[in-house]
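The values are calculated or read from the model by the stated rules, or taken from the named source; none is laboratory data. None of the values given here were measured: they were computed from a predicted structure. Don't worry about glycine lacking a Cβ; one is built from the backbone with ideal geometry, like all the others, and counts go over all protein chains shown. These area figures cover heavy atoms from the full protein model, side chains too; ligands, DNA and RNA do not enter into them. Shrake-Rupley method; radii C 1.70, N 1.55, O 1.52, S 1.80 Å.
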Amino acid sequence: MSKMMFDYTKSILERVSFDPVLFLKELEKAIKTLLPYEMEQLQEWLLNFTIGKPELKECLLIVKG
């Protein structure tokens with residue numbers, strides 16, 4: 001079940017990545033629902049996903065914090 005939740009979270013984040021504000025809202029929801037080891041996976045995924053998206057780099061701060 002948790003793998004499905006992680007994949008679902010990534011899917012949502014990809015879909016809303018056009019809007020940094022919406023991306024941040026969805027990321028905050030994900031932080032509340034994902035397990036600690038999933039958060040580590042999400043951090044890795046975000047680092048790779050935001051490479052070409054400087055407008056989303058600021059969102060990395062809430063995941064690390």
Mind telling me which of L47, L27, L13 comes out most flexible in a GNM of the chain, alpha-carbon contacts under 10 Å?
-> L47
What's the local net charge at M39, with K and R +1, D and E -1, over the other residues with C-beta under 12 Å away?
-> -1
Compute the FRET efficiency between D7 and E58 as 1/(1 + (r/R0)^6), taking r as their Cβ-Cβ distance and R0 = 22 Å, and round to the nearest 0.05.
-> 0.35
Pairs of Cα atoms under 8 Å, at least six residues apart: use those to get the relative contact order of the chain, whole percent.
-> 33 percent
To one decimal place, what Kirkwood hydrodynamic radius in Å is obtained for the chain from all pairs of distinct Cα atoms?
-> 11.6 Å
Accessible area per residue, Å², the chain with all protein chains present, probe 1.4 Å = 68 Å²
Estimated inter-spin distance, Q43 and E28, nm [label 7 Å along Cα→Cβ] = 2.1 nm
Ordering of 52-58, 19-25 by burial proxy (mean other Cβ atoms within 10 Å per residue, highest first) | 19-25, 52-58
